[in-house]
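Read the structure below first, then the notes.
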């Protein structure tokens, strides 16, 4: 919980992006697990938080990730039609459609919030997604705007 | 109109159809009308109706102390009537146990409120009694989101700066929540402390979390009465946040809150055909 301290490396010479991934227990978590058992290498910048279902992911969790210093957030779950609870991901999809608009209006950088569907068989997709997000976030640099919100006040 | 309103209300109270009229009263002409709760036929002369009747009275329908007064009749404008539709859809009120008196309205406030510029509910829908006639002009649906569209022409950074200035002023009085007819939770997430969902301190961090939460808990529910914006002592333009979610619901799902009592709420239902261009 370093959000109260100034950023240790404002010059970004050694900037390592912090990425929070909220994943569903049944698909994406197993996909990430498969990536591990297949010895697929991906950047260690991602913090995986396992939840029962994408439908369970409260939008406050995304805000909280940024509050606690995340530079990017990933939300990932089962492909449409594959939800363990039959419709959790459909509900989530609808919710995020609206939520993204709200964050966009607030001036939150939408390039830092990612949504994917990754199944239990898509270890390689997990590897690609995490690599892409990490590289993209590394180029964008730390999310200073939100860190400022959480520190200055 | 006021005379007719008095007549209707007197009849309602005398016949015993309702026990309380939730309406507007005014101390003297210069002062803005305030909510009044009339329980006896002799008092109905205290009811007023004019273009200064800005408040959305439907917020009182779910209040315990008002419910204790008995079966209500409530005076609404076209915009307020939509809140009743949502409350009914969410099983918060027994629609058959109240009388809704709709006032035809050509806009309220001095100067006219922003919402009135794109109003398409001059004559209230889903009411029991309509009083008066309004001049109804066709409204270009895009005008509803004019303020937001203009705001969104700014860059992400400019918007970020704007909201930091705005939300910095928030003192977390929760007037926006109290005045909202659809913020009826007995225990608000902001008041829950086990676990704490977000900071309740009036700091920028907590204010962001609160205003994101407030706007999103009203996603697909906000009927755009703009009472939150009016009640805010810090003058924060909460209207823009409400508009952004409402516009998304209309564009993506063709849904507007409070129009159809039978419609499935946009959050809480889904279609397998929903667009998902943002999901990889």
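Rule-based calculations on the coordinates, nothing more; no lab input. Keep in mind that this is a model prediction, so the values were computed, not measured. Every residue, glycine among them, receives a Cβ derived from its backbone with ideal geometry; neighbour counts consider all protein chains shown.
The distance between label points at residue B:7 and residue B:234 comes to 4.9 nm (points 7 Å beyond Cα on the Cα→Cβ vector). Relative to the longest principal axis of the Cα atoms of chain A, helix A:88-105 runs at roughly 20 degrees.
When both bridge partners sit in the protein assembly as shown, DSSP labels roughly 20% of those beta bridges antiparallel. With the simple model of a label 7 Å out from the Cα in the direction of the Cβ, residue B:63 to residue B:196 spans 3.1 nm.
Working from Cα pairs under 8 Å separated by at least six residues, relative contact order for the stretch B:93-178 is 25 percent. For the residues of B:197-209, the average number of beta carbons from a partner chain within 10 Å of their own beta carbon is 5.
I'd like to compare B:261-273, B:7-19: which one has the highest average count of other Cβ atoms within 10 Å, and what's the full order after that?
Working: B:261-273: 14.1, B:7-19: 16.2.
Put in order of decreasing packing, that is B:7-19, B:261-273.
Only Cα sites of chain A enter the Debye sum here, all with the same form factor; the resulting log10 I(q)/I(0) across q = 0.19 1/Å is -1.17, listed in q order. For peptide A:141-150, the mean count of partner chain Cβ atoms within 10 Å of a residue's Cβ comes to 3.
Its relative contact order, with pairs defined as Cα atoms under 8 Å and 6+ residues apart, puts the stretch B:141-253 at 31 percent.
Sorted by average packing, counted as other Cβ atoms within 10 angstrom per residue and highest first, what order do B:147-156, B:120-129, B:71-80, A:74-83 take? Before the final figure, lay out the partial values.
Working: B:147-156: 13.9, B:120-129: 18.6, B:71-80: 23.8, A:74-83: 21.6.
Per-residue mean Cβ counts within 10 Å order the peptides as B:71-80, A:74-83, B:120-129, B:147-156.
Modelled this way, with points 7 Å down the Cα-to-C-beta line, the labels at residue B:155 and residue A:139 are 1.8 nm from one another.
Can you tell me the length gained on complete extension of the stretch residue B:189 to residue B:168, counting 0.36 nm per residue apart and subtracting the Cα distance? List each step's numbers first, then the result.
On the way: separation 21, 0.36 × 21 = 7.56 nm, distance 2.10 nm.
Taking 0.36 nm per residue and subtracting the Cα distance, the gain is 5.5 nm.
Size descriptors for the stretch B:141-253: radius of gyration and Dmax over Cα atoms are 14.1, 43 Å. Between 0 and 90 degrees, the angle of helix B:238-253 with respect to the longest Cα principal axis of chain B falls at about 80 degrees. For the protein assembly as shown, the Kirkwood hydrodynamic radius from C-alpha pairs, put into Stokes-Einstein at 20 °C and a viscosity of 1.002 mPa s, yields a diffusion coefficient of 90 µm² per second. Can you give me the C-alpha center-to-center distance between the stretch B:178-239 and the stretch B:4-38, rounded to a whole angstrom? Result: 30 Å between the Cα centres. Estimated from the Cβ-Cβ distance and a Förster radius of 51 angstrom, the FRET efficiency linking residue B:92 and residue A:132 is about 0.70. For chain A, the relative contact order is 37 percent, taking Cα pairs closer than 8 Å that sit 6 or more residues apart in sequence and dividing their mean separation by the residue count.
Compute the FRET efficiency between residue B:40 and residue B:271 as 1/(1 + (r/R0)^6), taking r as their Cβ-Cβ distance and R0 = 45 Å, and round to the nearest 0.05. Please list the in-between numbers first.
Details: r = 51 Å, r/R0 = 1.13.
Plugging the Cβ-Cβ distance into 1/(1 + (r/R0)^6) gives 0.30.
Between the beta carbons of residue A:40 and residue A:148, assuming R0 = 30 Å, the FRET efficiency works out to 0.25 to the nearest 0.05. Report, in degrees rounded to the nearest 10, the 0 to 90 angle that the Cα long axis of helix B:78-89 makes with the longest principal axis of chain B. Its long axis makes an angle of about 80 degrees. Counting only other chain Cβ atoms within 10 Å of each residue's Cβ, the peptide B:152-159 averages 3. Counting neighbouring beta carbons within 10 Å and listing from fewest to most, the residues A:39, B:247, A:148 come out as A:39, A:148, B:247.
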